[in-house]
Amino acid sequence: MKTTTSDGISIDYAAYGPEGAEPALVLMTAWCMSRNGWADLPEKLAAKGYRVLTLDFRGHGDSQQDVPDHGAEGLIEDVLAVVKAAGVDSFIPVTMSHSGWVGIELRKALGAARVPKIVHTDWIVLPPPPEYMGLVDMLAAPDTWQQARDILFGIWLTGVDPAHPVTSFVKDEMGGYSEEIWTRSGRVIGDCIRGGGSALDALAKLDPPAPTLHVYAQPKDPGYKAAQEQFGQANPWYGIHLVEEAKSHFPTFESSDEMADAIDRFVNS
């Protein structure tokens, strides 16, 4: 593990693969999890010759815990600090869930030369339905955040063997985060969606467009896939890879080889 500082906050990160190999892949987790959420995907990608960086955002994992309140801008600063400390110039954000907003903002801030492509994993990229936004608002509220969290856990783990490592990761690690962090996640996620529209809307506004791959396992709804394919037909820079065999919201624990292969094909396309 390595350490750097972002806004005076200690940020822990790890580096894999050959130094100097660019574009590097910078893996960013979702809210309320450490970089353990990537399971062995960093090693699988490094074995393909990539320089891979993973980090714990402020308040998460092994990074500094006592941090001021912040929004997505704080997470962006954390990534910029890690990239600088690691001596990386050109990189591809590989985001998980709502850290997708961080990837998009990095592309906007740094441009196509430094952020040539984007990979999103398991993100709700279509306009969220009212039911989902209701859950996000529940998550942001002190009296309902636990109920919303447990509903999300149930969705994410539907059909998963209780003995599978992803189950303990979700229930023990993610479930161990405090009210402060869970409610902050709900507030920031809600702010990002209401401020930027859907993920596909935000991606479509990038100029020039960023070649983008969405690797996901949930939902398996054919309509969700068809809507993304329709968007991709109108915007050829956007593609998807559905991880069919993975059951959970976190296919990194179930299908890391398949994910590494899909990302490798996209980066080299």
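Of all residues in the stretch 158-180, count the ones that are under 12 Å from L139 (Cβ atoms) and surrounded by fewer than 16 Cβ atoms within 10 Å (Cβ to Cβ).
Here the count works out to 1.
Return the only residue of I118, I124, I155 being closer than 21 Å to G232 by Cβ, open to solvent by 20 Å² or more (accessible area, probe 1.4 Å) and not hydroxyl-bearing (S, T, Y).
Working: I118 fails: open to solvent by 20 Å² or more (accessible area, probe 1.4 Å); I155 fails: closer than 21 Å to G232 by Cβ.
None of the other options fit; the residue is I124.
Being within 18 Å of the chain's Cα centre (by Cα) and of a type outside the set (D, E) is the requirement here; does V88 meet it? If you could, list the steps in order and put the result at the bottom.
Numbers: within 18 Å of the chain's Cα centre (by Cα): no; of a type outside the set (D, E): yes.
No.
Scan the stretch 120-174 residue by residue and report those that are touching a His at 6+ places or on another chain (Cβ under 9 Å) and closer than 20 Å to I193 by Cβ.
Scanning the stretch 120-174 gives H120, T121, D122, W123, I124, V125, L152, I155, W156.
Test each condition in (1) more than 18 Å from V267 (Cβ to Cβ); (2) open to solvent by less than 50 Å² (accessible area, probe 1.4 Å); (3) in contact (Cβ under 8 Å) with a residue 12 or more places away in the chain for M96 and report the one that comes out false.
With respect to (1) more than 18 Å from V267 (Cβ to Cβ); (2) open to solvent by less than 50 Å² (accessible area, probe 1.4 Å); (3) in contact (Cβ under 8 Å) with a residue 12 or more places away in the chain, M96 is out only on (1).
Report the residue count in the stretch 170-179 for those that are touching a residue at least 12 places away in the same chain (Cβ under 8 Å) and over 16 Å from the mean Cα position of the chain (by Cα).
The initial filter retains those residues of the stretch 170-179 that are touching a residue at least 12 places away in the same chain (Cβ under 8 Å), namely 170-171, 173-175, 177, 179.
Narrowing further to those that are over 16 Å from the mean Cα position of the chain (by Cα): 171, 173, 175, 177, 179.
Total meeting the criteria: 5.
Kindly indicate whether G197 is crowded, with 18+ Cβ neighbours inside 10 Å, touching a residue at least 24 places away in the same chain (Cβ under 8 Å) and within 30 Å of D69 (Cα to Cα). Walk me through it before giving the result.
Values: crowded, with 18+ Cβ neighbours inside 10 Å: no; touching a residue at least 24 places away in the same chain (Cβ under 8 Å): yes; within 30 Å of D69 (Cα to Cα): yes.
Answer is no for this residue.
Of all the residues that make up the stretch 215-269, how many are over 18 Å from P127 (Cβ atoms), open to solvent by less than 30 Å² (accessible area, probe 1.4 Å) and not in a loop (DSSP other than H, G, I, E, B)?
Residues flagged as over 18 Å from P127 (Cβ atoms), open to solvent by less than 30 Å² (accessible area, probe 1.4 Å) and not in a loop (DSSP other than H, G, I, E, B) within the stretch 215-269 amount to 12.
Can you name the residue in the stretch 182-199 that is of a type in the set (G, A, S) and assigned to a helix (DSSP H, G or I) and is also farthest from the chain's Cα centre (by Cα) among such residues?
By that ranking, first place goes to G195.
Given the criterion of a type outside the set (G, A, S) and modelled with pLDDT under 95, identify the matching residue among D56, D40, D69. So that I can check it myself, show each step before the final result.
Working: D56 fails: modelled with pLDDT under 95; D40 fails: modelled with pLDDT under 95.
None of the other options fit; the residue is D69.
Does the stretch 20-33 hold any residues that are open to solvent by less than 30 Å² (accessible area, probe 1.4 Å) and either closer than 18 Å to P251 by Cα or not small (G, A, S) (or both), and which are they? Please lay out each step first, then the result.
If we filter the stretch 20-33 for residues that are open to solvent by less than 30 Å² (accessible area, probe 1.4 Å), which is where we start, we get 21, 24-33.
Within the stretch 20-33, L25, V26, L27, M28, T29, A30, W31, C32, M33 qualify.
Would you mind finding the one in A81, A47 that is surrounded by fewer than 18 Cβ atoms within 10 Å (Cβ to Cβ) and among the hydrophobic types (A, V, I, L, M, F, W, C)?
On the way: A81 fails: surrounded by fewer than 18 Cβ atoms within 10 Å (Cβ to Cβ).
Of the residues listed, the single one that is surrounded by fewer than 18 Cβ atoms within 10 Å (Cβ to Cβ) and among the hydrophobic types (A, V, I, L, M, F, W, C) is A47.
Within the stretch 1-75, considering only strands (runs of 3 or more DSSP E) that don't extend past its boundaries, which have at least 3 residues that are without any contact (Cβ under 8 Å) to a residue 60 or more places away in the chain? Quick ask: steps written out before the conclusion?
Values: elements: 2-6, 9-16, 24-28, 52-55.
So the answer is 9-16, 52-55.
Quick check, is G17 surrounded by fewer than 20 Cβ atoms within 10 Å (Cβ to Cβ) and either at pLDDT below 95 or on the phi > 0 side of the Ramachandran plot (or both)? Spell out how you get there, then give the answer.
Working: surrounded by fewer than 20 Cβ atoms within 10 Å (Cβ to Cβ): yes; either at pLDDT below 95 or on the phi > 0 side of the Ramachandran plot (or both): yes.
Yes, satisfied.
Only one of these is in contact (Cβ under 8 Å) with a residue 24 or more places away in the chain, hydroxyl-bearing (S, T, Y) and in contact with a Gly (Cβ under 8 Å, 6 or more places away or on another chain): T212, T158, T183. Name it. Steps first, answer last, please.
On the way: T158 fails: in contact with a Gly (Cβ under 8 Å, 6 or more places away or on another chain); T183 fails: in contact with a Gly (Cβ under 8 Å, 6 or more places away or on another chain).
Being in contact (Cβ under 8 Å) with a residue 24 or more places away in the chain, hydroxyl-bearing (S, T, Y) and in contact with a Gly (Cβ under 8 Å, 6 or more places away or on another chain) holds for just one of T212, T158, T183, which is T212.
Residue by residue through the stretch 127-141, note down the ones that are open to solvent by 60 Å² or more (accessible area, probe 1.4 Å) and touching a Ser or Thr at 6+ places or on another chain (Cβ under 6 Å).
P127
The values are calculated or read from the model by the stated rules, or taken from the named source; none is laboratory data. Not measured: the values here are computed from a predicted model. Backbone-built Cβ (ideal geometry, glycine too); neighbour counts: all protein chains shown. Quick note on the areas: whole protein, heavy atoms, side chains included, nothing else; ligands and nucleic acids left out. Shrake-Rupley method; radii C 1.70, N 1.55, O 1.52, S 1.80 Å.
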